[in-house]
Every structure is written in structure tokens, then in C-alpha cells.
Amino acid sequence: MPPLDNAPVPGAEFRRSTPLPRATGTMDWDDVRVFLAVARHGSLRAAGRALGLSQPTIGRRLASFEATFGGPTVFDRLPEGLRLNAAGEQLVPAAESVEHAALLLERRRAAASPELSGTVRVSVGEWAAAFLARCLSDAGPTALPAGLTLELVESRQTANLARREADLAVRHHPPESGDLYIAKVGTFGCAVYRRRGSVSNAWVTYTEEQAHYATARWVQQQIDKTGGAVASRASGMTMQWAAIRAGSGRGVLPCFAGDDDPALERLTEPVPEIAAEYSVIVHRDLRRAVCVRAVIDWVRRAFAEHRDALAGTR
């Protein structure tokens, strides 16, 4: 199966010379799920990313959904993506009702399963992903149970846990609404780092689009105080880390990453104003599912075991 980025141009599979045949049999819930994902995200590619499916699979599922209604398309195929037409708009309320009921049943089924095996999908930001990936090598009492596969899904936005885009999340900013269980697990301390031996005092920071981030605001305050320069900007901390390691300038990094990098030297103590407090977040229907509970406990153990390194006080 080709990766999403190499998939055909969205909409190409819908240029048909003959109408779709009227479908027989029952409707597949997966087709309804795909229809709603495309409606919400506006393209086959984006819907595929949200559902963890390839773009060709999304295209086939959407074609199957449209065939259920005798073949009329429910989206307008535009150069910028797919947009619901009048026929599609009329289907959304009923499709969302089906989604709500199906997801409720899926969560209840998952919560009732006694099996400690399978895949647990976790929504994370870039640094929580890096930290948890490192912890997968932990052995002994802090190890992830052998029957589980951890699937880390990195994104800037918390996955919709009610729609099962992920089973749980480990995030810096938990959602403010929803039927969710939220528990604090630990804090990432952050400090200023520079390439060892470098004398550059210019800053590596976020782009203007991320100027509202707490870290970006703090760096800007330092620049305003000292009249410092900006060496480079990057939209993600992993890119900033690479620039700092290359000697472009100094910048803010989580202590667990910066302190362990022999190419870097720390220039400050952890900065309280930009410490990042993390929480584990799960839909209440899944809170006591055996697999999900095991991963939540593992996340808590990982944060507890590495508390000093995360805080930058090791």
C-alpha cells in the first residue's frame, strides 16, 4: 500500500464514465465513519491521516458509501479539496447519530475486554512522543506489559477521544470539555542550551505563527531585554534542537533532551515560566479498559521514574 503522501491526486478515483450501481445488502459502519471524516477534514488525505487509513482505502470506502445511495456523489470535487453538496449535507445528522451509537458500543466493548494484549493508540505532542519512545526500552517494573503495542500519534491537537481517534492522550494542554478523565502525570522542565564551545548568543526560536506559545513569548522577552538577535526560526522544537546542535545559536529545550545531548551545554537553570505540565487524558468509558489502564499506569511509572531528569534537577 503506498504511503499517503505518494497517493493519487484526491478525487481522481471519482472520475467515472458510468454511474455507480445501486448497492445491495447492509451499510458498513466503516463507510459512514469515512464519510464523516472526509466531511470534517475536506480531503481524502486528511481523512486518512485522522483515521489511520491509506488514501486509496478512504477513496474506496467513500465510493462504497455513495453507492449505498444509488450512486449520486455527496461531495463536490474542487481543486482545493472535497466539499459536501446538498445531498451530502442532508446525510450528516443521521450519520452522526450512527457514529455516536457505534462509538459508544465500541468504547463499552473495549472496556469490557479482559485481554491484556493488542494496540493502544496514544495522542501526543512532539516532546511527549520523544520521551515516551525512549521509555519503551525501560525494563523491570517500569516496562510496558509484553502483550501490548504502543502506537504514538504525534499532532499539535489532541485527538478526539470520543471518536476513538486515539485511546488516550498525554498532552501539555488537556481539553476543557468532554466526558474525559484527566490526571496530571509530571512536568517537563525547560532551560536554555547552546552548542558546546559555541559563542553565539543569537536565538533559535519559533516562527511568527507560533509567537503566542509560552516559550516563544519568553524568548522574545529575553531578546527585548538584551537587544539580542534571532539566528533562525522553526515551527517545531525538534528542528530547533537540530539548529542549536549545529551551532546556529541558543534556544529553549526540554531538560531531559538537552541534558542528555553531549553536543550541548546548558546555560540556565530550568525556567519556571515555561515548564510544561503534562496530563494523561482518556474518555471515561475507556478509563477502566484493561489495555488502556495498563498504558496509563505505564505512563505514570515512566514520569515518576524519570522525574528528576524531566525536571532538569538530576
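When you go through GLY52, GLY140, GLY118, GLY81 one by one, which is the residue that is of a type outside the set (Val, Ile, Thr) and either crowded, with 18+ Cβ neighbours inside 10 Å or over 25 Å from VAL295 (Cβ atoms) (or both)?
Details: GLY52 fails: either crowded, with 18+ Cβ neighbours inside 10 Å or over 25 Å from VAL295 (Cβ atoms) (or both); GLY140 fails: either crowded, with 18+ Cβ neighbours inside 10 Å or over 25 Å from VAL295 (Cβ atoms) (or both); GLY118 fails: either crowded, with 18+ Cβ neighbours inside 10 Å or over 25 Å from VAL295 (Cβ atoms) (or both).
Residue meeting the stated conditions: GLY81.
Tell me yes or no: at least one residue of the range 152-174 is of a type outside the set (Val, Ile, Thr), at pLDDT 95 or above and in contact with a Phe, Trp or Tyr (Cβ under 7 Å, 6 or more places away or on another chain).
Scanning the range 152-174, I find no residue that is of a type outside the set (Val, Ile, Thr), at pLDDT 95 or above and in contact with a Phe, Trp or Tyr (Cβ under 7 Å, 6 or more places away or on another chain), so the answer is no.
When you scan the range 202-220, do you find a residue that is within 22 Å of PHE256 (Cα to Cα), of a type in the set (A, V, I, L, M), crowded, with 17+ Cβ neighbours inside 10 Å and touching a residue at least 60 places away in the same chain (Cβ under 8 Å), even just one?
Of the residues in the range 202-220, the ones within 22 Å of PHE256 (Cα to Cα) are 203-206, 213-219.
Adding the requirement that they be of a type in the set (A, V, I, L, M) leaves 204, 214, 216, 219.
With crowded, with 17+ Cβ neighbours inside 10 Å added as a condition, the list becomes 204, 216, 219.
So of that shortlist, the ones also touching a residue at least 60 places away in the same chain (Cβ under 8 Å) come out as none.
Looking for residues that are within 22 Å of PHE256 (Cα to Cα), of a type in the set (A, V, I, L, M), crowded, with 17+ Cβ neighbours inside 10 Å and touching a residue at least 60 places away in the same chain (Cβ under 8 Å), one finds none in the range 202-220, hence no.
Tell me, which residue of the range 262-314 that is touching a residue at least 60 places away in the same chain (Cβ under 8 Å), of a type in the set (Asp, Glu) and touching a Phe, Trp or Tyr at 6+ places or on another chain (Cβ under 9 Å) is surrounded by the fewest Cβ atoms within 10 Å (Cβ to Cβ)?
That would be GLU277.
On the given criteria, is THR158 touching a residue at least 40 places away in the same chain (Cβ under 8 Å), out of contact with any helix residue (DSSP H, G or I) (no Cβ under 9 Å at 6 or more places or on another chain) and surrounded by 15 or more Cβ atoms within 10 Å (Cβ to Cβ)?
yes
The values are calculated or read from the model by the stated rules, or taken from the named source; none is laboratory data. As the structure is a prediction and not an experimental result, all values here were calculated from the model. Virtual Cβ from ideal backbone geometry, glycine too; neighbours counted across all protein chains shown.
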